[in-house]
Amino acid sequence: MKHSLLVTRPNFDLTTRYISIWAKKIIALAEEKGSAVFDLDKNRANRKEFESIIRKKEPSLVFLNGHGDYNVVAGQDNEELIRVGENEKLLKSKIVYALSCRSGKILGPSSVKSGADAYIGYDEDFIFLYDGNKRTRPEQDKIAEMFSEPSNQVMVSLLKNHMPKEAHKNSKQSFARRIKKLLSSQSTALESSAVRYLIWNMQHQVCCERYVIIN
Amino acid sequence: MVSEQEIKQLVIERLKTLPEEVGMSIGSKGDFNKNEIIAHVEKGDDIGQKIVEVEMNFLRGLKDGMLYET
């Protein structure tokens, strides 16, 4: 099945610069698979365009990248794109992955209650380490890549037509593989530190579908 | 029983071993270099407490055998 995919990619600080670049791999994969991709990057990651694309194009997958909190996911310059009680009904019949802090806690379940097929996100802060020497070239940052790969696995699986709970499981397994690899090698101080944050992200990724939250 | 102060010190000592160029992104709380992270932990503010919380989570996980389950 070919999907249509809406991606929001704000880019105005280090965190959004990194995750915006990480999402490019998903866009390339989706295009390779023949999916229609609606890429709202930088200033296009605003509420007006977001709501317009959702209504007009009705994408089956929504990939949100940006800052967030329990009730909200934001776009460029932290403009709120979707907030509990305001417009989460727009996610009806959609599968959502939010690479965003905390939104899996309240916005996720609320979206599903309002008709979303599934919402995969994080119920706490998403934390990653990066190489300060690569901060202007995130695509070359091997430290950050330890965090991007397991996260991106959610979208890779969804684009391969896996069910949301399978995509969630595959991502967690990807985190676990990375963690085991770091623990089984002669860990450097950096790798040892990275393990803590990988475990944190893995444990706090949640999948909410049909009123069930899978941890 | 390990005290919170001991955990804090443990976290700081481990952070000191990180390469100088490593930074950390904690979502909307911002991004921090090594010295800033250590300063936050020493200060015990929101960001410092988050770092300590992650460490506590890791230590609890070790105790509960979490790494064998993953």
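Coordinate-derived values only; no laboratory data. This structure is a prediction, so every number in the text was calculated from the model and none was measured. Please note: Cβ atoms are built from the backbone with ideal geometry, for glycine as well, and neighbour counts cover all protein chains shown.
Data for the structure
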{"read-out": "Test for A:Ser148: is it assigned to a helix (DSSP H, G or I), of a type in the set (S, T, N, Q) and away from every other protein chain (no Cβ under 12 Å)", "value": "no"}
{"read-out": "Identity of the residue in segment A:27-39, surrounded by fewer than 24 Cβ atoms within 10 Å (Cβ to Cβ) and of a type in the set (Gly, Ala, Ser), that ends up nearest to A:Asp141 (Cα to Cα)", "value": "A:Ala28"}
{"read-out": "Residues of segment A:89-103 satisfying the condition of being away from chain B (no Cβ under 14 Å), touching a strand residue (DSSP E or B) at 6+ places or on another chain (Cβ under 9 Å) and not β-branched (Val, Ile, Thr)", "value": "A:Leu90, A:Leu91, A:Lys94, A:Tyr97"}
{"read-out": "Some residue of segment A:183-190 being under 24 Å from B:Gly61 (Cα atoms), surrounded by fewer than 21 Cβ atoms within 10 Å (Cβ to Cβ) and in contact (Cβ under 8 Å) with a residue 40 or more places away in the chain", "value": "yes"}
{"read-out": "Residue match in segment A:55-68 (condition: within 28 Å of A:Lys134 (Cβ to Cβ), part of a loop (DSSP other than H, G, I, E, B), of a type outside the set (Phe, Trp, Tyr) and under 17 Å from the mean Cα position of the chain (by Cα))", "value": "yes"}
{"read-out": "Of the criteria (1) under 12 Å from the mean Cα position of the chain (by Cα); (2) surrounded by 15 or more Cβ atoms within 10 Å (Cβ to Cβ), which one B:Phe32 fails", "value": "(1)"}
{"read-out": "Candidates A:Lys48, A:Lys24, A:Lys42 - the one that is more than 17 Å from A:Glu80 (Cβ to Cβ) and surrounded by fewer than 19 Cβ atoms within 10 Å (Cβ to Cβ)", "value": "A:Lys24"}
{"read-out": "Residue list for segment A:166-181, filter: surrounded by fewer than 16 Cβ atoms within 10 Å (Cβ to Cβ) and more than 12 Å from every other protein chain (Cβ to nearest Cβ)", "value": "A:Glu166"}
{"read-out": "Residues of segment A:75-108 satisfying the condition of being of a type in the set (A, V, I, L, M) and touching a Leu at 6+ places or on another chain (Cβ under 6 Å)", "value": "A:Val84, A:Ile95, A:Ala98"}
{"read-out": "Odd one out for A:Pro164 among (1) in contact with a Leu (Cβ under 8 Å, 6 or more places away or on another chain); (2) farther than 30 Å from A:His3 by Cβ; (3) not β-branched (Val, Ile, Thr)", "value": "(2)"}
{"read-out": "Odd one out for A:Val72 among (1) crowded, with 24+ Cβ neighbours inside 10 Å; (2) within 14 Å of chain B (Cβ to nearest Cβ); (3) β-branched (Val, Ile, Thr)", "value": "(1)"}
{"read-out": "Subset of segment A:122-145 (residues that are farther than 21 Å from A:Lys180 by Cβ and away from chain B (no Cβ under 12 Å))", "value": "A:Asp123, A:Thr136, A:Arg137, A:Glu139, A:Gln140"}
{"read-out": "Members of segment B:15-44 that are at the interface with chain A (Cβ under 8 Å from one of its Cβ atoms), closer than 27 Å to A:Gly104 by Cα and in a helix (DSSP H, G or I)", "value": "B:Gly27, B:Ser28, B:Lys29"}
{"read-out": "In segment A:77-127, the residues that are within 26 Å of A:Lys160 (Cβ to Cβ), surrounded by 18 or more Cβ atoms within 10 Å (Cβ to Cβ) and either hydroxyl-bearing (Ser, Thr, Tyr) or without any contact (Cβ under 8 Å) to a residue 24 or more places away in the chain (or both)", "value": "A:Tyr97, A:Ser100, A:Ser103, A:Ser111, A:Tyr119, A:Tyr122"}
